[in-house]
1. Magnitude of the Cβ-charge dipole of the chain, K/R +1 and D/E -1, about the Cα centre, nearest 20 debye?
2. Using only Cα atoms, figure out Rg for the chain and give it as a multiple of 2.2 N^0.38 Å.
3. How much area per residue is accessible in the chain when the probe is 1.4 Å and only protein heavy atoms are counted (Å²)?
Amino acid sequence: MCNISGYAGTRRAAPILIEMLKKQEFFDGGLSTGIATVDNEGNLYHAKVLGSVEDLLAKTDAINFPGNVGIIHSRPDDNYIEHAHPFV
């Protein structure tokens, strides 16, 4: 089962999304993980890794992505970076 969370609000989305997905990963997931945020100017920031949220944090600067809107996703059954969401 995939885990996915979204956020649209007044606070920075990345830290909120990461915490949301951390709370879901014990259900299933963690073989490929990705995040995308959008800032007020419409710039897209994205990262994806093979591995869990912890791998995303260790290998990318995703926690610092700007933007108040975003999504995060973790897939349990695939080990190809091309299949990790978000698809850009």
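1. I would put it at about 220 debye.
2. Dividing the Cα Rg of the chain by 2.2 N^0.38 Å gives 0.97.
3. On a per-residue basis, 55 Å².
The values are calculated or read from the model by the stated rules, or taken from the named source; none is laboratory data. Small disclaimer: the values here were computed from a predicted structure and weren't measured. Don't worry about glycine lacking a Cβ; one is built from the backbone with ideal geometry, like all the others, and counts go over all protein chains shown. Keep in mind that these areas ignore ligands, DNA and RNA; they rest on the heavy atoms of the full protein, side chains included. Shrake-Rupley method; radii C 1.70, N 1.55, O 1.52, S 1.80 Å.
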